[in-house]
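Single-structure report; data block below.
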């Protein structure tokens, strides 16, 4: 980066104010990104630790599944409400509380004596992540303008991608190193010193910001949105492993009813001059609607791609967790090349950045499909490298600009709610993609399918993911054309 962007946070509406005394822009960026990295890492690092957790705690697969599911469900449930809490009580205050709770619950996860304690700690860790994450986006959106904002979101996208792409590799390295005999526990305990240092820096690093008029918390809206999210996400997380019982089919119907009730309640409350938790005015901004839809398309493919690729490498090709994680380096290198220069690429390509990045991802996945089709389970891993690298290059061009595209048209007094919506989309669509692509993948593997079935299963999954990236390119390309016409 050419220079550190200012992180002075003013009141969300009205003129920007000078930085508060003691504020340190560089420290502020480091603190925000440390929290972002830990949150992204914790989603992926646990996948590698699951076998070790199951063996050490002598627990069944159902309990271990909730180590992942409980975290994801808690995050998805709390995000929209957390965005509003930041508007109400101050984004720095809520960020600090979330970071403190995340640090404490990480220690609880690392010290858990049994599966029940670990699952409970993971749920609380997910809630703390939900409290912390929207505040990061809200601060980035309200604290920066112009090129400084582009650089800030570039760093955000870089850190998000590093946590996602390198999560499995970092987990494998920690478990292999067996630091102080901690084994899998190091995957959680590593957050403690990082979180403690970040907490110590917050008072000097970040200024406070909140909505110009303190809204009230819409308790009915919170209840309806939380219940709808649980009803939608829970069967997606648990359905496949349980054989899709009847309740997993009834839950989405209930989610639709609850969501409809939520929309009606929010509209009525807004019309009456109240403070809905998700202001309907947010969706009257034309740029936010297609930006949010683009987020849906992109994140539906991301988590599922990492899952099916890991399954192919470990179950199909028999690689150890660490070796499998090392394969992801090809994606990571490509991602680092473009994400570190995302603001410069965006300055050159403008609104064409995301469509071009999405097409590069589609091309990379196509190359990967060809390599898997040709090599099966016996070819050289180097044959996978060109496709993975191209996918990473495209990913680095998409994540940060896509997030900025969704938030850019939102006025300052709605940025907390918008940040909650964007991060909720990331979580829910990640679960949705895992469920849908998982059906394709496991359907192709079949019951008791051996390693020979995995290349075919990955190939079918990749075709679905290519379709998503082409859709993303078409959607964001249409947004770019509309933006040029309006300009």
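The values are calculated or read from the model by the stated rules, or taken from the named source; none is laboratory data. Nothing here was measured: the structure is a model prediction, and the numbers come from that model. Cβ coordinates were reconstructed from backbone atoms using ideal geometry, including for glycine residues, and neighbour counts include every protein chain displayed.
A few points about this structure:
- Among the residues listed as 139, 104, 119, the single one being outside any loop (DSSP other than H, G, I, E, B) and surrounded by fewer than 20 Cβ atoms within 10 Å (Cβ to Cβ): 104
- Per the conditions (1) touching a helix residue (DSSP H, G or I) at 6+ places or on another chain (Cβ under 6 Å); (2) more than 20 Å from residue 127 (Cα to Cα); (3) part of a helix (DSSP H, G or I), the sole criterion not satisfied by residue 209 is (3).
- For the stretch 51-62, taking the residues that are in a helix (DSSP H, G or I) and modelled with pLDDT of 70 or more, the one that is farthest from residue 236 (Cα to Cα) is identified as 56.
- All of 267, 304, 241 fail the test of being assigned to a helix (DSSP H, G or I), surrounded by fewer than 19 Cβ atoms within 10 Å (Cβ to Cβ) and either at positive phi or touching a residue at least 24 places away in the same chain (Cβ under 8 Å) (or both), apart from 241.
- Hey, residue 439 in the same structural domain as residue 290 (by TED's automatic domain parsing) and within 20 Å of residue 402 (Cβ to Cβ) or not: no
- Within the stretch 216-231, the presence of a residue that is closer than 30 Å to residue 453 by Cβ, in a helix (DSSP H, G or I) and not assigned by TED's automatic domain parsing to the domain that holds residue 84 is excluded.
- Check on residue 70, more than 22 Å from the chain's Cα centre (by Cα), without any contact (Cβ under 8 Å) to a residue 60 or more places away in the chain, surrounded by fewer than 24 Cβ atoms within 10 Å (Cβ to Cβ) and outside the structural domain of residue 407 (by TED's automatic domain parsing): no
- Some residue of the stretch 208-217 being at pLDDT 85 or above and buried (at least 20 other Cβ atoms within 10 Å of the Cβ): no
- Just one of the numbered conditions (1) modelled with pLDDT under 85; (2) more than 30 Å from residue 161 (Cβ to Cβ); (3) under 26 Å from the mean Cα position of the chain (by Cα) is not true of residue 270: (3).
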